[in-house]
Amino acid sequence: MQISEPAVPTLLYLLCAMSAMAFLMSAYLWQWRALYSKNELDFKPSIYRGQVYSLLGVMVLSIILGSYDYFFFVRELHIGAEALILVSALAYAYIKAGVGKRFGVVLGSIIKVSAFGFSCILGWLITLAIGVTLIYLFGILGIPLAGNIDPNIVFITGLLWNVPILLLYIKLLKNPDKTEVVKFSGFHKFLWPVLMAYIVLLFPLLIQEISVSEKWREMKNEKPLRTV
């Protein structure tokens with residue numbers, strides 16, 4: 001009898017992928033606004049807000065994908081949790097807004113979440129395009145690849161996530177009107193979102209690896225100790 005490998009839910013992969021890119025995009029956008037306009041929030045709160053936007057964006061994507069499966073593949077529709085989260089977020093924005101501004105605040109929130117979610121998707125498309133380009137270059141140079149997902153390609157692409165932060169940081173340092181923004185923040189202070197992106201992205205892969213390990217299966221099948 002063949003034991004089927006337990007799979008990590010697709011929603012978890014989607015949550016972690018969007019969360020990882022949200023860390024990056026929040027850092028990029030904060031530095032961009034610091035350079036060319038003005039930020040509403042400090043760096044850390046801006047990163048945390050990006051995570052909230054990412055979560056809401058994933059809920060929308062989950063509803064869209066679930067509805068697609070329901071109408072075209074006649075599968076069961078399970079979107080109650082996603083709908084509850086979205087309705088709660090809209091209700092919070094509505095209640096928090098002042099009288100006479102509620103419709104505008106709710107609409108503005110929807111636009112912000114949609115725009116941020118689109119920027120995260122665009123970030124992944126650019127990342128994948130870079131990965132494909134590197135695979136093509138490796139092929140031209142005759143460098144052998146270890147399967148479809150080569151560790152060297154993943155490593156180089158991951159390192160390139162740091163480049164926009166470095167370039168924007170240098171521009172902030174060179175701009176005499178913006179030096180106060182980074183006066184007490186070294187370059188490493190802007191890199192922790194990238195580290196978090198790496199960790200979040202590896203989280204579902206770690207769960208998958210543990211779930212298929214023989215030791216984990218033995219622990220699950222182990223009989224409980226008798227107690228007196």
For the pair Lys178 and Ala129, the simple spin-label estimate (label points 7 Å beyond Cα toward Cβ) gives in nm 2.3 nm
Cα-Cα longer than 31 Å, checked against Lys44/Lys171; Lys101/Lys178; Lys96/Lys171; Lys96/Lys178; Lys38/Lys101; Lys96/Lys174, kept in input order, equals Lys101/Lys178; Lys96/Lys171; Lys96/Lys178; Lys96/Lys174
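No lab work stands behind these numbers, since they all come straight from the coordinates. Note that the coordinates shown come from a computational prediction; the quantities given were computed from them, not determined experimentally. A quick note on method: Cβ atoms are made from the backbone with ideal geometry, for glycine too, and the neighbour counts reach across all protein chains shown.
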